[in-house]
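Each remark here refers to the structure printed beneath this line.
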Amino acid sequence: MNDVEELKSLEIEPRAEIARKVGRILSSSQDLADQKAAMELARVLAEDVAVTVREALSRELRSCIFLPQDLVATISKDIEQVSMPFLVASQAVDDAFLEEIVRSCGDSHQEAIAMRTGLSEAVSFAISDIGCHEAVNKLSGNETADMSKRSFERVVDRFPEDVGLMEKLASRSDLPIELIERLVFKVSQAFGQLLIEKFDVSHDYASYLVSLANRQVFSRTLEASPLPEIRNYLEQLHQRHGLGSDVLLTYLQNNNLRLFTMSLSILLSKPYEHVEQIVAKRDKKVLARLLDSTGFSKSVIGVLLISYERLVF
């Protein structure tokens with residue numbers, strides 16, 4: 001009787017213990033003969049009738065750097081109890097296989113993959129594209145996952161009314177700056193609706209509060225961004241004729257000095273560093289001459305200078 005036949009004749013618990021030992025051999029042994037024998041047993045154990053045995057094997061195999069594709073597929077497509085621990089942590093699965101699992105298997109498999117550490121952009125997009133709500137929710141909360149602009153946009157397009165999910169996206173460190181305004185609008189819109197329904201606030205007043213929240217939240221987020229991203233956003237705003245005195249006033253009122261400085265830099269086509277030096281001097285007369293070069297009226301310049309004075313003095 002060979003090893004496989006002997007294995008099948010054992011009770012469940014001894015088979016589970018063998019499964020654990022086989023997994024440890026495949027994870028750590030350098031002996032080729034041991035590896036070959038263990039791999040033969042692993043293929044049998046991966047299809048054992050007892051869930052306990054298959055689960056014991058899958059948990060031990062999580063730390064294997066390399067496994068044959070057929071064995072990976074067998075474990076990954078098993079029931080949730082067996083496949084989820086493996087899919088969450090296995091080092092032996094590549095991106096192509098993970099994407100295939102996301103697009104062909106059930107919700108629990110998608111959720112397991114969404115929790116993996118260091119998830120690639122391609123797999124993150126697959127989950128964003130067709131994953132169930134809970135998988136997308138787990139992905140959004142997984143800061144180690146590489147979420148690109150297309151992934152963010154797909155999630156927003158698929159779940160536009162899910163404020164909780166939008167808030168998760170908004171809190172991510174890799175959120176593209178182009179999407180911040182869109183997310184803030186969605187969250188603030190829901191807040192405005194809440195005001196109207198719960199507290200019987202008029203639509204006009206709710207709209208005003210929503211607009212105020214949009215500007216304040218977005219400005220705070222933008223202020224903390226790298227200068228190239230700030231410049232990119234403000235240049236786009238300028239191209240749409242949206243970089244007016246009202247925007248500069250908002251930045252001063254919200255203590256967003258970097259945004260105010262970059263706005264002037266763009267309006268005057270001057271280097272940011274040059275404008276920054278002028279703004280930092282705290283000389284109202286010099287700043288007034290700079291503002292005058294933008295073409296703003298004297299009354300507008302007066303209002304901007306008052307806000308500037310409150311900010312820096």
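Some observations on this one:
- Apart from one condition, N142 fits all of (1) open to solvent by less than 10 Å² (accessible area, probe 1.4 Å); (2) within 26 Å of S171 (Cα to Cα); the exception is (1).
- Each residue in segment 226-259 was checked for being touching a residue at least 24 places away in the same chain (Cβ under 8 Å) and over 20 Å from E178 (Cβ atoms), and 8 of them qualify.
- Where helices (runs of 4 or more DSSP H) fall entirely within segment 24-116, those with at least 2 residues that are open to solvent by 70 Å² or more (accessible area, probe 1.4 Å), over 22 Å from N137 (Cβ atoms) and among the acidic types (D, E) are at 32-45.
- Tabulated pairs, segment 153-166, first open to solvent by 50 Å² or more (accessible area, probe 1.4 Å), second at pLDDT below 90 and not in a helix (DSSP H, G or I), C-beta under 9 angstrom, 6+ apart or interchain: E153/P176
- Among helices (runs of 4 or more DSSP H) entirely within segment 206-313, having at least 2 residues that are at pLDDT below 85 and open to solvent by less than 70 Å² (accessible area, probe 1.4 Å) singles out 298-312.
- The C-beta contact set for segment 23-47 (first residue over 23 Å from S83 (Cβ atoms), second residue charged (D, E, K, R) and surrounded by fewer than 18 Cβ atoms within 10 Å (Cβ to Cβ), distance under 9 angstrom, 6+ apart or interchain) comprises A37/D3.
The values are calculated or read from the model by the stated rules, or taken from the named source; none is laboratory data. Everything numeric here is computed off the predicted structure, so don't read it as measured data. Virtual Cβ from ideal backbone geometry, glycine too; neighbours counted across all protein chains shown. Note: accessible area is taken over every heavy atom of the protein model, side chains too, but ligands, DNA and RNA are not part of it. Shrake-Rupley method; radii C 1.70, N 1.55, O 1.52, S 1.80 Å.
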